[in-house]
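*Asks:* My questions all concern the structure below.
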Amino acid sequence: MSENNTVIRSMHDLGLAAWFGGSLMGAVGLNGAAAGVDNPRERFEVATHGWARWAPVNAAAVGMHLIGATGMLIANRDRVSNQKGVGTSSLVKTALTAASVGLGGYAVKLNRDAAQSSGAPVEGATEPAPGTPSGAATTQRQLKAVQWALPALTGALVVVSALQGEQQKPSQQLAGKAKQLLNVANPLAK
C-alpha cells in the first residue's frame, strides 16, 4: 500500500464521525423530541420511525469505518508489530470496535422490539409510563442503557484514534524503525 492513505483514513474518520455523532444525536435529539410529542401513545412510534430512518445511514457509516480501519491496519502493519504501544492501541481499538458493532446490533434488535409496542403509552422513547406494558418497559430500560453506552464506546474509539495519530509522529516512529532495522540485520534478535 502506498504511503498516501487519504482515502482509507477518510473512510475510517468519516464513518466513525457519523457513527458517534448519530448515536449521540439520537439519544439526545431524537429520543428527546419523541418525549415531547403530545400524545403518549405516539411517542414510541415517533422514536422507532426516526431510528429506522437512521439505520441504513448508520450501517453505511459503520461499514465505511470498518473498511477504513482495516485498510489502515494493513497499511501500518509494520508499525503495529515494531513500534512500542501501537500493537496495544490497535488491540484496544479492535476490542472497542467489536463491542460497538455488537452493541449496535443489539440496539437494532431492541428497536425492532420497541416497534412491536407501538401505540403503548410511554413518557419517552426510553422512559416507560405507569400504563406501559411490562415487556415494552423492559425494552425501554434496555434501550436507555444502550443509547448512552454506544456513544461512550464510539467516543472512546475517537480517543484511541487520536492516540494512534500521535503515535505516527516521526519522534514516536523512530524507535520502531530502529527495531525493524535490527530485526532485518539480525533475524535471530526477534
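All of the numbers you see were taken from the coordinates with simple rules; none came from a lab. None of the values given here were measured: they were computed from a predicted structure. Glycine also receives a Cβ, built like all others from the backbone with ideal geometry; neighbour counts cover every protein chain displayed.
*Asks:* Between Val7 and Arg53, what FRET efficiency comes out of the Förster formula 1/(1 + (r/R0)^6) with R0 = 35 Å and r the beta carbon distance, rounded to 0.05?
*Replies:* E between Arg53 and Val7, to the nearest 0.05, is 0.80.
*Asks:* To the nearest 500 deg cm²/dmol, what mean residue ellipticity at 222 nm is calculated for the chain from DSSP H runs of n ≥ 4 alone, each contributing -39,500 (n - 2.57), summed and divided by the residues?
*Replies:* Taking each H run of at least 4 residues, the total per residue is -26500 deg cm²/dmol.
*Asks:* Can you list the aspartates and glutamates whose alpha carbon sits under 13 Å from that of Lys84, skipping same-chain ones fewer than 8 residues off?
*Replies:* Glu166
*Asks:* Set the Förster radius R0 to 25 Å, insert the Cβ-Cβ distance between Ile67 and Val108 as r into 1/(1 + (r/R0)^6), and round the FRET efficiency to 0.05.
*Replies:* On the way: r = 20 Å, r/R0 = 0.80.
In this case the efficiency is close to 0.80.
*Asks:* Please give the charge dipole size of segment 6-189, origin at the Cα centre, charges +1 on K and R Cβ atoms and -1 on D and E Cβ atoms. Round to the nearest 20 debye. Display every interim value, and only then the final one.
*Replies:* Working: 15 positive and 9 negative charges, 154 e Å.
Result for segment 6-189 is approximately 740 debye, rounded to the nearest 20.
*Asks:* Using only Cα atoms, tell me the angle between helix 43-75 and the longest principal axis of the chain; keep it within 0 to 90° and round to the nearest 10.
*Replies:* It works out to around 10 degrees.
*Asks:* Say the dipole of segment 78-126 comes from +1 at the beta carbon of Lys and Arg and -1 at that of Asp and Glu; which of Thr126, Gln116, Gly102 then lies farthest toward its positive end?
*Replies:* Gly102
*Asks:* May I pose another question? Using alpha carbons only, how many degrees (0 to 90, rounded to 10) separate the axis of helix 170-185 from the longest principal axis of the chain?
*Replies:* Value to nearest ten degrees: 50.
*Asks:* Among Ala156, Asn76, Phe44, pick out the residue whose Cα is farthest towards the positive end of the charge dipole of segment 6-189, where Lys and Arg carry +1 and Asp and Glu carry -1 on C-beta, about the Cα centre.
*Replies:* Positive-end residue among those listed: Asn76.
*Asks:* While we're here: On a 0 to 90° scale, report how tilted helix 6-25 is relative to the longest principal axis of the chain, with both axes built from alpha carbons and the result rounded to the nearest 10.
*Replies:* Here the helix axis deviates by roughly 30 degrees.
*Asks:* In addition: Which whole-Hz couplings ³J(HN,Hα) result when phi for each residue of segment 26-34 is put into the Karplus expression 6.51 cos²θ - 1.76 cosθ + 1.60, θ = phi - 60°, listed in order with x for Gly and Pro?
*Replies:* x, 5, 8, x, 5, 5, x, 5, 4
*Asks:* Evaluate E = 1/(1 + (r/R0)^6) for Ala129 and Leu163, where r is the Cβ-Cβ distance and R0 equals 45 Å; express this FRET efficiency to the nearest 0.05.
*Replies:* With R0 = 45 Å, the Cβ-Cβ based efficiency is 0.55.
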